[in-house]
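S.K.: The structure is given below, and queries will be raised subsequently.
The values are calculated or read from the model by the stated rules, or taken from the named source; none is laboratory data. Quick caveat, the model's predicted, so the values are computed rather than measured. No Cβ is skipped: glycine too gets one built from the backbone with ideal geometry, and neighbour counts run over all protein chains shown.
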């Protein structure tokens, strides 16, 4: 499993990100609470093309993305899936 995982730093506020998907999971826990809603939305918008169609976004317990329901929908308490994912 360790050989299948890559950990890298990424500045969420950078204009471009030097990463390519698709990812099965994105873990962004307890980070978004430090940004205002418009900044959160811009970051979430950048996650969409990186996530596999059946991929999941994991957020922290104090984070809610109700302002981005066009991008992500709540699947579980802190787990989101793409709002327009193919069925």
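S.K.: Using the structure shown, decide if residue 12 is touching a strand residue (DSSP E or B) at 6+ places or on another chain (Cβ under 9 Å) and either part of a strand (DSSP E or B) or under 23 Å from residue 85 (Cβ atoms) (or both).
M.R.: No: the conditions fail for residue 12.
S.K.: Still on this structure: Look at residue 18 and say whether it is farther than 23 Å from residue 63 by Cα and touching a helix residue (DSSP H, G or I) at 6+ places or on another chain (Cβ under 8 Å).
M.R.: Answer is no for this residue.
S.K.: Now for a different question. If you take just the strands (runs of 3 or more DSSP E) that sit entirely in segment 15-87, which of them hold at least 3 residues that are within 10 Å of the chain's Cα centre (by Cα) and surrounded by 11 or more Cβ atoms within 10 Å (Cβ to Cβ)?
M.R.: On the way: elements: 23-27, 51-58, 72-74, 79-82.
It comes to 23-27, 51-58, 79-82.
S.K.: I want to confirm something. Restricting to segment 4-14 and keeping residues that are at pLDDT 90 or above and surrounded by fewer than 10 Cβ atoms within 10 Å (Cβ to Cβ), which single residue is nearest to residue 43 (Cα to Cα)?
M.R.: The qualifying residue nearest to residue 43 (Cα to Cα) is 13.
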